[in-house]
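The values are calculated or read from the model by the stated rules, or taken from the named source; none is laboratory data. No experiment lies behind these values; they were computed from the predicted model shown. Please note: Cβ atoms are built from the backbone with ideal geometry, for glycine as well, and neighbour counts cover all protein chains shown. Areas reflect the complete protein model, heavy atoms only, side chains present, ligands, DNA and RNA absent. Shrake-Rupley method; radii C 1.70, N 1.55, O 1.52, S 1.80 Å.
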Amino acid sequence: MRVSGVFRILALIFATVTTWIIVRNHMGFSMKTIRLPRWLAGSSTKETQVMKHKCGLIKPCSANYFAFKIGSGAANVVGPTMCFENHIIMSPVKNNVGRGLNIALVNGTTGAVLSQNTFDMYSGDIKHLVKFLKEIPEGALVLVASYDDPGTKMNDEARKLFANLGSSYAKQLGFRDSWVFIGAKNLRNKSPFEQFLKNNPKTNKYEGWPELLEMEGCVPARPF
Ligand SMILES: *[C@@H]1O[C@H](CO)[C@@H](O)[C@H](O)[C@H]1NC(C)=O
């Protein structure tokens, strides 16, 4: 059952990538929501022109903005990828992602990477995440990508801490939901940099998981 599920997901990913390449080559537009991380599409496609802006963005970011691209994990098969100012902070290729919540901190003024961590939200101890969230320094940007299951061990304290970083969806984050987010401590308003898909057997793209999420754009240097 599990093995056939994995094969189905791989077949889906292959079909999606193939469709994407064909559509992209023949129609010349970018499909924002179903595009897969660039490294998944293979290195045989010529990407040099697309790569000329940081993190592969179509348009460059203006001064005092940082380019980013964050992809959540795909089911429990492919891990998430985080690019910030053309620097891949976390990815399966770098072998520094894991199931649960992947969180990178960057200096919100300089864009320098401060740390990257993975929190197992299925069998890990939620105390580690709560402690980490409490210690996030003022002025840091917080980049979050889910992989497989970001929700089982989530508790009210961690949800509240994410809400304080500007998250609208942390309060409902649950088992196998897809979530990507950029926030910062004491944001006065909700962060505009957040995407969320609930795990729902009726609408899931994969058997047991919703579609992966990809979010890209320009985030203003602190203060927002
Ligand atoms: C960000 O970098 C600036 C300049 O180096 C420094 O003064 C500040 O403390 C740093 N902030 C964080 C959160 O690392």
Point to revise | Note, ³J(HN,Hα) from phi for region 136-141, Karplus 6.51, -1.76, 1.60, rounded to Hz, x at Gly and Pro | key: 4, x, 4, x, 8, 8
Exercise for review: Starting from the amide H of Leu213, placed 1.01 Å from N in the peptide plane, find each other amide H under 5 Å away whose residue is 5 or more places distant or on another chain.
Suggested key: Ser72
Check your understanding: Are there trypsin sites (Lys or Arg not before Pro) in region 67-157 that DSSP puts in a loop and that have at most 14 other Cβ atoms within 10 Å, and which ones?
Key -> Lys94
Check your understanding: Of all accessible surface on region 54-220 at a 1.4 Å probe, what whole percent is carbon and sulfur?
Key -> 50 percent
Check your understanding: In Å², what does the accessible area per residue of region 54-220 work out to with a 1.4 Å probe?
Key -> 44 Å²
Check your understanding: HN-Hα J couplings of region 98-103 from phi, Karplus 6.51/-1.76/1.60, θ = phi - 60°, integer Hz, Gly and Pro as x?
Key -> x, 5, x, 10, 9, 10
Practice item. Quick one: what are the phi-derived ³J(HN,Hα) couplings along region 168-175, Karplus 6.51/-1.76/1.60 with θ = phi - 60°, whole Hz, x for glycine and proline? Key: 9, 9, 4, 5, 10, 4, x, 3
Practice item. Could you list which residues have their amide H under 5 Å from that of Lys185, counting only those 5 or more apart in sequence or on another chain, with H placed in the peptide plane? Key: Gly139, Ala140
Revision key, fill the gap. Listed by chain and number, the residues whose amide H is under 5 Å from that of Asn96, excluding neighbours fewer than 5 places away on the same chain and using placed H, are Ser91
Exercise for review: Equivalent ellipsoid semi-axes for region 54-220, as square roots of 5 times the alpha carbon gyration tensor eigenvalues: give them largest first, rounded to whole Å.
Suggested key: 23, 19, 15
Check your understanding: Any idea how far the Cα center of region 165-182 sits from the one of region 79-145, in Å?
Key -> 14 Å
Practice item. Report the GluC sites (Glu not before Pro) located in region 168-224 that are in a DSSP loop and have at most 12 other Cβ atoms inside 10 Å of their Cβ, or state none. Key: none
